[in-house]
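Have a look at the structure below, then the notes.
Read-outs: derived from the displayed coordinates by stated rules, not from any lab. For clarity, every value in this text was computed on a predicted model and none was experimentally measured. Neighbour counts run over all protein chains shown; Cβ positions are idealised from the backbone, glycine included.
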Amino acid sequence: RFPYAHGGRHVLHAAVSEDEGKTWIGQREVARDPLREEPPPPGGDHGTAYPYPAVLADGRVLVTTGQGEGRVVVMAIDPEWLYEKRQETDFSQGMEGWESFGCHGVELKAGADGKVLSVMKVDEERPATAVWNFPSGSSGRLAMRLCLEEGSDGASVLLSDHFSVPFDPEDALYALFRLEMGAGGEMVGGGRLNPGEWHELELRWDCGRRDCRVVVDGEQMGTLPLLRESEGVCYLRLKSASEGVESGGLLIDRVEVEVE
């Protein structure tokens, strides 16, 4: 369960620079350790590090990366993909792009209109956290349709600028913005979600302005402060706040993000 590095080699990111490396565009996951769901090997190197790129005739970049048996990955990356500003998921294709290894209680359930993501603490010894990467942006808007079920002990919505394993016990300490929801739906910074009801939640962040506006069902409920300096947000973490076992969790119907 606990590897030797908190996310150092579980995923590989790609970005493109137009100013000789002073700034970067993208920060998107392009490779994931194929065996990340399994315990780390007892010895030897492993993970997604040491990429070898080669430019193809059509402008794509062929990358071979990974070390350790069963972990070598080959993929072709279109640089134009790194310039995309928008990403969304509705779980119709499963949990592709989401990480929850090392956790229990993160799964897809049947919803009224299809599959929904459920994040619920079902094991006292294991956290329940789901992690999602998207294009990096110094400002942007992330919207999700969610429901805090009755029986939930609350949840955290974290925006970050880096990957760390889903079971990282210090993820909240290094987040850029942190929205806490109590068992009754109360949100730190103002506003409340009605347990058992679906809501539209928007997080509108601006690292230059150093804040993130929280909007629920079209109404601004509060503002979150930037917790540390960063050039942009590229990760969403959804985490149960329970310290034990809960009978209800956080349900997510869809997520969409657009960055600037």
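Per-residue ellipticity at 222 nm from helix content only, as computed over the chain with -39500 (n - 2.57) for each DSSP H run of at least four residues, stands at 0 deg cm²/dmol. In summary, the lysines within cross-link reach of Lys115, defined as a Cα separation below 27 angstrom excluding same-chain residues under 8 places away, comprise Lys85, Lys239. For the range 8-40, GluC sites (Glu not before Pro) meeting the loop criterion (DSSP other than H, G, I, E, B) and having at most 11 other Cβ atoms within 10 Å: Glu18, Glu20, Glu37. Its alpha carbons considered, the range 11-82 gives a radius of gyration followed by a Dmax of 13.8, 42 Å.
Put simply, the C-alpha atoms of the range 86-259 give a gyration tensor, and the ellipsoid matching it has half-axes of 22, 17, 17 Å, longest first.
Spatial offset of the range 160-201 relative to the range 37-90 amounts to 30 Å, using the alpha carbon center of each.
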